[in-house]
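The values are calculated or read from the model by the stated rules, or taken from the named source; none is laboratory data. These numbers were taken from a predicted model, which means no experiment stands behind them. A quick note on method: Cβ atoms are made from the backbone with ideal geometry, for glycine too, and the neighbour counts reach across all protein chains shown. Note: accessible area is taken over every heavy atom of the protein model, side chains too, but ligands, DNA and RNA are not part of it. Shrake-Rupley method; radii C 1.70, N 1.55, O 1.52, S 1.80 Å.
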Amino acid sequence: MADTKKFIIDENDGGRLDKTLAVLMPEVSRSYLQKLMEQGLVTVNGSVADKKTKASSGDIICVDFPDSVKPEIVPENIPLDIPYEDSDLLVVNKPKGMVVHPAAGHYSGTLVNALMYHCGDSLSGINGVERPGIVHRIDMMTSGLLIVAKNDFAHKSLAEQIKAHSFTRRYEAVVVGNLREDSGTVNAPIGRHPTDRKKMAVTDKNSREAITHYDVLGRYSGSAGTYTHVRLTLETGRTHQIRVHMAYIGHPVVCDPVYGGARQQFSCCDGQCLHAREIGFIHPRDGRNLCLTSDLPDYFNAVLHKLALSVQ
């Protein structure tokens, strides 16, 4: 077995076993846990359990995760927009719709496949064979800038900057409704959604600190509705952070298929209207302060154009 996890149930975690384990391991879906039970890979006090098994206080639960079999990740000749590159790192302007690294259902056509072709063996190995060079990520349907490390030295330095909040990541988005304040901060912890394992949510349970700063760039109120064009600066970098925070304060990102956001009015925007516009960091090798920006992509400008016309 690749991995075995062991839990001792306390008085607050009892109940149906698959539900209990889904809370204890929020990164694992209930359906996968049920499959493990069907395969006899979950035991309670040494006895094989099934999905009808109830967990009680003091029970010892062991979950065996089998070795995963994954396709080989191969280099692919996919064009990349690279605004900056040197021997230590590169910055890529990722298009909307491209997955950053291989995962279930996406083992080809990813940014990693393209990077392996472009860089050859010159990618850091800190994040393993499936995520070579990847220091941070942006969602598949989010466009914009992200940094890639070509060696472990650069990777460690950049990761430390992100941890110390000295690594600048600024986005632009169009959100639903009118943000009354010209600027503000959303400080709300983010963790796995309590009932939908594919989503994140603002929650106090099994969550991490999440802080997003916003500044209003423009307001639109017309025949298409009321919307706000905003700049968003990440102080932390949680999964779906901007999308979750904006939905949490009642202003979801336009066309967000998961967290809401007025999709029907904007056929020009497939997926959330969110672009990683600016990235700033200290170069690991020579200490230079680097700041790169990317133009707003066509889909984003099309949304702004439609909103401007609706105001007239």
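What residue, of Arg288, Arg243, Arg238, is at pLDDT 95 or above, open to solvent by 30 Å² or more (accessible area, probe 1.4 Å) and within 30 Å of Leu90 (Cα to Cα)? Within the list Arg288, Arg243, Arg238, the selection yields Arg288.
When Ile126 is tested against the conditions (1) open to solvent by 40 Å² or more (accessible area, probe 1.4 Å); (2) in contact with a strand residue (DSSP E or B) (Cβ under 7 Å, 6 or more places away or on another chain); (3) of a type in the set (A, V, I, L, M, F, W, C), the lone failure is (2). Contact map, segment 162-182: first residue touching a residue at least 60 places away in the same chain (Cβ under 8 Å) and open to solvent by 70 Å² or more (accessible area, probe 1.4 Å), second residue in a loop (DSSP other than H, G, I, E, B) and not basic (Lys, Arg), Cβ cut-off under 8 Å, separation 6 or more or different chains; pairs are His165/Glu235; His165/Thr236. In summary, Arg219 fulfils each of the numbered conditions (1) farther than 21 Å from Asp270 by Cα; (2) assigned to a loop (DSSP other than H, G, I, E, B); (3) of a type in the set (Lys, Arg) with the single exception of condition (2). Take the conditions (1) out of contact with any His (no Cβ under 9 Å at 6 or more places or on another chain); (2) open to solvent by 80 Å² or more (accessible area, probe 1.4 Å); (3) within 24 Å of Pro284 (Cα to Cα); (4) touching a residue at least 12 places away in the same chain (Cβ under 8 Å); Met116 misses just one of them, which is (2). Checking each residue in segment 189-215 for being open to solvent by less than 60 Å² (accessible area, probe 1.4 Å), basic (Lys, Arg) and farther than 13 Å from Ala247 by Cα picks out only Arg197. How about segment 254-312: which of its residues are aliphatic (A, V, I, L, M) and over 17 Å from Ser143 (Cβ atoms)? Answer for segment 254-312, where residues must be aliphatic (A, V, I, L, M) and over 17 Å from Ser143 (Cβ atoms): Ala262, Ile282, Leu290, Leu307, Ala308, Leu309, Val311. Does segment 152-175 include one or more residues that are over 17 Å from the mean Cα position of the chain (by Cα) and part of a strand (DSSP E or B)? Scanning segment 152-175, I find at least one residue that is over 17 Å from the mean Cα position of the chain (by Cα) and part of a strand (DSSP E or B), so the answer is yes.
Selection of segment 5-17 for residues being at pLDDT 80 or above and surrounded by 11 or more Cβ atoms within 10 Å (Cβ to Cβ) yields Lys5, Phe7, Ile9, Arg16, Leu17.
Considering only segment 187-198, I want to know if a residue exists there that is among the hydroxyl-bearing types (Ser, Thr, Tyr) and either modelled with pLDDT of 95 or more or within 30 Å of Asp298 (Cα to Cα) (or both). Checked segment 187-198: no residue is among the hydroxyl-bearing types (Ser, Thr, Tyr) and either modelled with pLDDT of 95 or more or within 30 Å of Asp298 (Cα to Cα) (or both). Is it the case that Thr142 is polar (S, T, N, Q), open to solvent by less than 40 Å² (accessible area, probe 1.4 Å) and modelled with pLDDT of 95 or more? So Thr142 fits the description; yes.
From the list Lys96, Lys52, pick out the single residue that is basic (Lys, Arg), at pLDDT 90 or above and either in contact with a Pro (Cβ under 8 Å, 6 or more places away or on another chain) or open to solvent by 30 Å² or more (accessible area, probe 1.4 Å) (or both).
Only one candidate passes the filter, namely Lys96.
Considering only segment 271-282, I want to know if a residue exists there that is surrounded by fewer than 21 Cβ atoms within 10 Å (Cβ to Cβ) and touching a helix residue (DSSP H, G or I) at 6+ places or on another chain (Cβ under 8 Å). Yes, segment 271-282 contains a residue that is surrounded by fewer than 21 Cβ atoms within 10 Å (Cβ to Cβ) and touching a helix residue (DSSP H, G or I) at 6+ places or on another chain (Cβ under 8 Å).
Taking the listed residues Val202, Val258, the one that is touching a helix residue (DSSP H, G or I) at 6+ places or on another chain (Cβ under 8 Å), at pLDDT 95 or above, within 29 Å of Val28 (Cα to Cα) and not small (Gly, Ala, Ser) is Val202, with no other qualifying.
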